[in-house]
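The values are calculated or read from the model by the stated rules, or taken from the named source; none is laboratory data. Note that the structure is a prediction, hence the values are computed from the model and not measured. Here the Cβ positions follow ideal geometry from the backbone for every residue, glycine too, while neighbour counts run over all protein chains shown. What goes into the accessible areas is simple: the full protein's heavy atoms, side chains included, and nothing from ligands, DNA or RNA. Shrake-Rupley method; radii C 1.70, N 1.55, O 1.52, S 1.80 Å.
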Amino acid sequence: MIRGVRVLIVEDEVPLAKLIRQGLLQDGQLADVAVRGEDALWMAGATPYDVICLDVNLPGIDGFETCRRLRAEKVTAPILMLTARDAIEDRIAGLDTGADDYLVKPFDFGELLARLRALARRPAAAPRLVLRVGDLTLDPASHRVRRGDTDIELSAKEVQILEVFMRHPGEVLSRLQLLERAWDASYENRSNVIDVYVRYLREKIDRPFGVESLETVRGAGYRLRAA
Ligand code: CA
């Protein structure tokens with residue numbers, strides 16, 4: 001495990017928060033606890049956390065809203081959502097607010113550590129060239145996406161998937177390839193998540209501009225039409 005990763009735990013069940021914190025400390029990590037979403041916002045604004053562990057069910061603003069506001073305030077730390085609900089819709093809602101991963105309660109502590117480790121290991125956004133496909137541009141460093149001169153508001157996960165397409169313009173990408181590149185490998189089959197995200201992306205990068213750049217290739221996957 002990477003030593004000295006600083007984790008923000010956002011969890012109102014104090015015994016559970018303490019347990020997670022204790023486990024992280026024993027593992028050589030640093031961990032702070034926020035019991036409310038509002039606290040998490042100012043704490044994450046004041047301290048550069050490497051990863052944020054965010055419970056969905058919180059008093060005051062919930063985990064989804066906290067996540068949305070963190071991203072709106074340009075907090076880029078990877079976010080792992082903890083959800084007590086096993087419904088796929090909740091998971092997708094969490095990811096669409098800018099979370100990077102989720103874990104369903106009750107969870108195995110080893111699993112939590114593994115997920116946090118994987119997220120914290122992701123390289124910080126290094127300055128890279130702006131990707132361009134036709135009049136669509138994506139800056140991997142700032143996550144700024146534009147079509148022509150128009151800025152497009154995308155969630156962190158949507159940007160990640162769009163980035164995969166923009167690095168392979170004109171190529172057919174299978175759902176599995178998209179999953180492997182936009183999520184950490186070896187998770188359960190989430191192919192319907194790709195379909196959902198492609199729908200989200202079309203609504204944002206194509207439909208408002210009257211174009212159909214993100215094509216379905218029947219039986220194979222999806223393709224971002226090259227310029
Ligand atoms: Ca809770």
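From the set of residues in the stretch 1-41 that are in contact with a strand residue (DSSP E or B) (Cβ under 7 Å, 6 or more places away or on another chain) and of a type in the set (Lys, Arg), which is surrounded by the fewest Cβ atoms within 10 Å (Cβ to Cβ)?
The extreme case among them is ARG6.
Considering only the stretch 25-72, how many residues are among the aliphatic types (A, V, I, L, M), farther than 16 Å from VAL14 by Cα and within 12 Å of the ligand (Cβ to nearest atom)?
0
Being over 26 Å from ALA141 (Cβ atoms), part of a strand (DSSP E or B) and of a type in the set (A, V, I, L, M, F, W, C) is the filter here, so list the residues in the stretch 55-106 that pass it.
Correct list: LEU82, LEU103, VAL104.
When the residues of the stretch 165-199 are narrowed to those that are of a type in the set (Lys, Arg), more than 18 Å from ALA226 (Cα to Cα) and open to solvent by 40 Å² or more (accessible area, probe 1.4 Å), which ends up modelled with the highest pLDDT?
If we take residues in the stretch 165-199 being of a type in the set (Lys, Arg), more than 18 Å from ALA226 (Cα to Cα) and open to solvent by 40 Å² or more (accessible area, probe 1.4 Å), then ARG199 is modelled with the highest pLDDT.
Output yes when any residue across the stretch 200-220 is under 28 Å from LEU116 (Cβ atoms) and open to solvent by less than 30 Å² (accessible area, probe 1.4 Å), and no when none is.
Taking every residue of the stretch 200-220 in turn, at least one turns out to be under 28 Å from LEU116 (Cβ atoms) and open to solvent by less than 30 Å² (accessible area, probe 1.4 Å).
Return only the number of the condition from (1) surrounded by fewer than 24 Cβ atoms within 10 Å (Cβ to Cβ); (2) under 24 Å from LEU162 (Cβ atoms); (3) at pLDDT below 90 that GLY94 does not satisfy.
(1)
Which of (1) polar (S, T, N, Q); (2) within 16 Å of ILE9 (Cβ to Cβ); (3) more than 16 Å from the ligand (Cβ to nearest atom) is the odd one out, the single condition THR97 does not satisfy?
(2)
Consider ARG21 carefully, then state whether it is modelled with pLDDT under 90 and either within 16 Å of the ligand (Cβ to nearest atom) or not in a strand (DSSP E or B) (or both).
no
Out of all the residues in the stretch 82-90, is one or more open to solvent by 60 Å² or more (accessible area, probe 1.4 Å), within 13 Å of the ligand (Cβ to nearest atom) and over 21 Å from the mean Cα position of the chain (by Cα)?
no
Sort out which residues of the stretch 96-118 are touching a Gly at 6+ places or on another chain (Cβ under 6 Å) and within 30 Å of GLU203 (Cα to Cα), and write them in order of number.
Listed by number, the list holds a single entry, TYR102.
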